[in-house]
Amino acid sequence: MSAIQYRPGKEPHPKEHRVVFKNVDRADWDTSLKTYESEGGYDQLKKALGMEPKTITEEVKAAGLRGRGGAGFPAGMKWSFLPPNNDKPVYLICNADESEPGTFKDRYIIHQDPHQLIEGMAIACFATGARLAYIYIREEFPEGAQILEKAIAEAHKAGYLGKNIQGSGFDLEIYVHRGAGAYICGEETGLIESLEGKRPYPRIKPPYFPAAMGLYLCPTIVNNVETLCHVKHILEIGSEAWAKTGTPNNTGTRILCVSGDVKKPGYYEVQVGKVTMGELINDMCGGLKEGRELKAVIPGGSSAKVLRADEVFTVGRGDGARELTIWDIPMDFDTLAACGSMAGSGGVIVIDDSRSISWVLNNINNFYAHESCGQCTPCREGSLWMKKITDRVVAGKASPSDIDTLDSVARNIDGRTICAFGEAASWPTESFVEKFRDELVADTKPELEDDFLNAEALTAAANLR
Amino acid sequence: MSFAVPSDLEKEIDDRITHYPVSKRSAVLPVLHALQHHFGYIEEAAVEWAAAKLELEPIQVLEVVTFYPGFRQSAPGKCHIRVCRTLSCAMAGSYELMDKLCEKTGIDRSGVTHHDPIAVSADGKFSIEFAECLASCGTGPVCLVNDDFHEAVSDVDGLLSQYQ
C-alpha cells in the first residue's frame, strides 16, 4: 500500500499515532462507501458476524478500551452490565453530542470518515445484541447529520445494515437523531430522555448504567463516537496488539484537541500516556505565542479542574512517588487524575499570561449557567449565582469576600445533584479559586466590602445577562 | 393566520416518524426540526399540529420547544447567525466578531435576554444570537449561518456578502 497522502499543511505530527484519525485530512479520501471499502472497509464487520458475540465483548474488555467521552469508564465492562437472560430488546446509542467546551474530535470523524463509525457501531450492536441503534448527534452539526444519513443509506444498500446482514441472520437499523442545542444531552440518561422525546432531565441513579435500564426502560448501551470507532480497530489487530499502544491501564490512542493560546491549535491522535503536556504544547502545537508564558491549562474539557503553570504535582505512592511539573505530565487518564484533574474528553485549553483569570472563569461560568437543565436546585440556582458573582468581578463591582461566597456556592453544588453536571459546573470555580485566589481578589474592590447595598452593584447584578 | 403543512413536508415528517418504531413521542425533536426548517420558527399552531401528529398533548411538545436552545418561538431573519461564545472561541475573538457582525448588519442586541436571545435586523435580512460551544475550538472564532459552518472568521464583509 502506498503511503497515505495528507492535504498540504495538514500532515500528522511525527509524534502522532493515527488510528481513528488515519483518514482525516487525507488528500486521497472521501466519505463514499467505495473509498471506504477500497481499504478493507466493513471487513471487520464481516469477521465479527462469524464470531460469538461474547468473544467480541471479551476482546474489547481485554483491550482495556476506556470510554473517550469523558468519564474514561471501560467500554467492555459497560457492555457486560447487560442483564443475563434478558428478554427485552437491547438498544445502542452513539453519543455524538460532542459539546464539552474544548473538544472537537467527533466532528472530523463524522465529516470525513462516517463509515468507520457505522462499522464500529454495527460490530458493537452485534456484540451486545442490539437490533436498533441511534446516533444522537448535536443539532449544531447539520452537515454531519446529512453525511451520516447518506453513509447509512449506502451501507444499507450494500447489505451492511438492514435485514440479514451479509447472510448472517443479524438485523440492524441505525438512525440519526438530531439534538437541539442542549449540553445536558451529553449526559447519557439525559440523552435517553431526549431520545424519548422529553426534556433531557438526567435520571436518578441507581440504576447507575443504562445497560440495566435505558431507552424505553430497556437495556441500553451508550458509547462515544471515538470509543465505537476503536471497536473496529481492536477487532482488526486483536486486543493484545491494540493494548500494546498506549500505557498500562491507559491503552490505545486517543485524540487530544488543543485550543487557546498556542501557535498551532488542532487535533492530535497520540498513544495514551506516551506524550507529555510539554511535548504536546511545545512540540506538537508549536509552543506558546511569541513572548508569552504559560499561565494555566485546562486539560480535559472546560469542566476539568485547572492546572496552574508553576504547580508541582506528586503522583504515585511510597517508593513509586515522583514529582512532576506541568510540562512532565503524561497525557493519560490516571496521571491527570493523580494531579487532581482529569483527562475528560481530551479537550486541552491553554491559557497564557495575557489572559485575565477572572475573565476566563466568568466565560466558563456563563456556559454552565446557560446549560444547567434546572432539575436540581443547587445546580440551577448555584450555577447562575456563580455567573453573577464572576460577572461582578469582571465588571469591577465585586468585593474581596465575594470570592469566598463564590467558592462556597460551588462547594454547595458539588455532590448534591442527580448528575455529574453539578461537578462539571462547580469544579472550574473550585479549582480557579483554590489556585488563583490572589488574582481573583485583585480584581475586586475592598471599598465595596461594606457597601453591599450599593445600588449600582445590585442593579448591575440584576441586569447582567 | 392559518397554519398549513405542505404535503411534501408532511411526507418527510411521516417518514421520520417511522425511525421510532417503539414510541412516536421520540419523534418530537425531528418533527420540530422539520417544522422549524420550513417555517423558520415554531409557532403555537405548529406545536398543536405536532402534538396531534404524534398523539400527544400540546404541553408535551411545548415543554420541549421551550427547553432546547435550538428551537425558536419567534421569526428569525432570512439568515440566522449563531456565533460561538464559549471559551476557546472567546479567546480567539468571538465577542469582537459578534460586535462586527451586528455593526455590519445593523442589528441592535441591547434588548437581548436569556429567554429572548435572538436579535433581528430592521430589514429582517439577518438575525443573530450567541451559541454555546460549536465544537470547533481549534479554529475559532466560528459561527453558523443557517446550516453553513464558518471557521476562523476574520473577513466579516466577505462572510456577509455570501448571504446578500
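If you go through segment B:76-83 one residue at a time, do you hit one that is within 13 Å of chain A (Cβ to nearest Cβ) and of a type in the set (Gly, Ala, Ser)?
The answer is no; no qualifying residue exists.
Listed here are the residues, each with its yes/no results for (1) touching a Lys or Arg at 6+ places or on another chain (Cβ under 8 Å); (2) polar (S, T, N, Q).
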| site | (1), (2) |
| --- | --- |
| A:Ser303 | no, yes |
| A:Val306 | yes, no |
| A:Ala309 | yes, no |
| A:Gly316 | yes, no |
| A:Gly320 | no, no |
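Quick check on my filter: what residues within segment B:32-60 are open to solvent by less than 20 Å² (accessible area, probe 1.4 Å) and in contact with a Phe, Trp or Tyr (Cβ under 9 Å, 6 or more places away or on another chain)?
Residues satisfying the conditions are B:Leu32, B:Leu35, B:Gln36, B:Ile42, B:Ala46.
In this structure, does A:Lys274 turn out to be more than 21 Å from the chain's Cα centre (by Cα), open to solvent by 10 Å² or more (accessible area, probe 1.4 Å) and touching a residue at least 40 places away in the same chain (Cβ under 8 Å)?
No; evaluated as a whole, the condition is false for this residue.
If you take the residues of segment B:14-29 that are farther than 15 Å from A:Ile192 by Cα and not charged (D, E, K, R), which of them is nearest to the other protein chains (Cβ to nearest Cβ)? Break it down stepwise before answering.
Taking segment B:14-29 and keeping what is farther than 15 Å from A:Ile192 by Cα, we get B:14-19, B:21.
Next cut, not charged (D, E, K, R) only: B:17-19, B:21.
Numbers: B:Ile17: 11, B:Thr18: 9, B:His19: 4, B:Pro21: 7 Å.
The selected residue is B:His19.
Kindly list, by first and then second residue, each pair from a residue in segment B:37-49 that is at pLDDT 95 or above to a residue that is of a type in the set (Ser, Thr, Tyr), limited to pairs with Cβ atoms under 7 Å and residues at least 6 apart or on different chains.
Listed pairs, sorted by first residue: B:Tyr41/B:Ser74.
Within segment A:340-361, restricting attention to residues that are touching an Asp or Glu at 6+ places or on another chain (Cβ under 6 Å) and of a type in the set (S, T, N, Q), which residue is farthest from the other protein chains (Cβ to nearest Cβ)?
A:Ser358
Taking segment A:122-150 only, how many residues are in a helix (DSSP H, G or I) and within 19 Å of A:Gly179 (Cα to Cα)?
The qualifying residues number 9.
Within segment A:183-207, how many residues turn out to be more than 23 Å from A:Asn366 (Cβ to Cβ), in contact (Cβ under 8 Å) with a residue 12 or more places away in the chain and assigned to a loop (DSSP other than H, G, I, E, B)?
Number of matching residues: 4.
For the subset of segment A:210-234 comprising residues that are of a type outside the set (Gly, Ala, Ser) and surrounded by fewer than 21 Cβ atoms within 10 Å (Cβ to Cβ), which member is nearest to the other protein chains (Cβ to nearest Cβ)?
Among them, the one singled out is A:Tyr216.
Quick one: which of A:Ile147, A:Ile118, A:Ile123 is away from chain B (no Cβ under 12 Å), out of contact with any strand residue (DSSP E or B) (no Cβ under 7 Å at 6 or more places or on another chain), aliphatic (A, V, I, L, M) and open to solvent by less than 10 Å² (accessible area, probe 1.4 Å)?
A:Ile123
The values are calculated or read from the model by the stated rules, or taken from the named source; none is laboratory data. Everything numeric here is computed off the predicted structure, so don't read it as measured data. Cβ coordinates were reconstructed from backbone atoms using ideal geometry, including for glycine residues, and neighbour counts include every protein chain displayed. Ligands, DNA and RNA are stripped out before the accessible areas are found, and what is left, the full protein with its side chains, is counted by its heavy atoms. Shrake-Rupley method; radii C 1.70, N 1.55, O 1.52, S 1.80 Å.
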